[in-house]
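All remarks here apply to the structure that follows.
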Amino acid sequence: MTQVDGSPLQPRSLTHVVSAFLKEWKITLHGLRHSHASHILASNIHPKIVQERLGHSSIAITMDIYSHLMPNMQGEAAATVDGVMRAAINKRTDDVG
């Protein structure tokens, strides 16, 4: 990358541009980090992946911070188990009949 005049881009130039953007939009780096984690969890990415991306030392830390963003986890788990059980019952009924 170069500057508009073709000269090399200085590392501090990028820092200034990003800092100005964040200030203008009233966003912090921590806010971006939290938003990133929130969005990937909402997209059903496994919390272990989120833990690794954020660099948390344990998944417990990630879950303590972000579990409130996953209120449907118990309902989804119950629905999945219900579907598996119903499929097994239907298969057994089909095999017998």
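Annotations for the structure displayed:
- Cα-based helix-to-principal-axis angle, 29-42 vs the chain, degrees rounded to 10: 20 degrees
- With contacts taken as Cα pairs under 8 Å and at least 6 residues apart, the chain reaches a relative contact order of 15 percent.
- Phi-based couplings in Hz for segment 53-67 (Karplus 6.51, -1.76, 1.60; Gly and Pro marked x): 5, 7, x, 5, 6, 8, 5, 4, 5, 4, 5, 4, 7, 10, 4
- Cα gyration tensor category, rounded, prolate or oblate, for the chain with a/c compared to 1.5: prolate
- Between Ser13, Ser57, Ser43, the Cα set farthest toward the positive side of the dipole of segment 12-97 (charges on each charged residue's Cβ, about the Cα centre) is that of Ser13.
- The chain, helix-only ellipticity at 222 nm - DSSP H runs n ≥ 4, -39,500 (n - 2.57), divided by all residues, nearest 500: -22500 deg cm²/dmol
- Given +1 at the Cβ of Lys and Arg, -1 at the Cβ of Asp and Glu and no other charges, the dipole of the chain around its Cα centre is 200 debye to the nearest 20.
- With a Förster radius of 41 Å applied to the beta-carbon distance between His68 and Thr2, the computed FRET efficiency rounds to 0.35.
- Per DSSP, loop trypsin sites (Lys or Arg not before Pro) in segment 1-68 with at most 15 further Cβ within 10 Å: Lys26
No value in this document is a laboratory result; all are computed from the given coordinates. Quick caveat, the model's predicted, so the values are computed rather than measured. In this analysis, Cβ positions are derived from the backbone assuming ideal geometry, glycine residues included, and neighbour counts consider all displayed protein chains.
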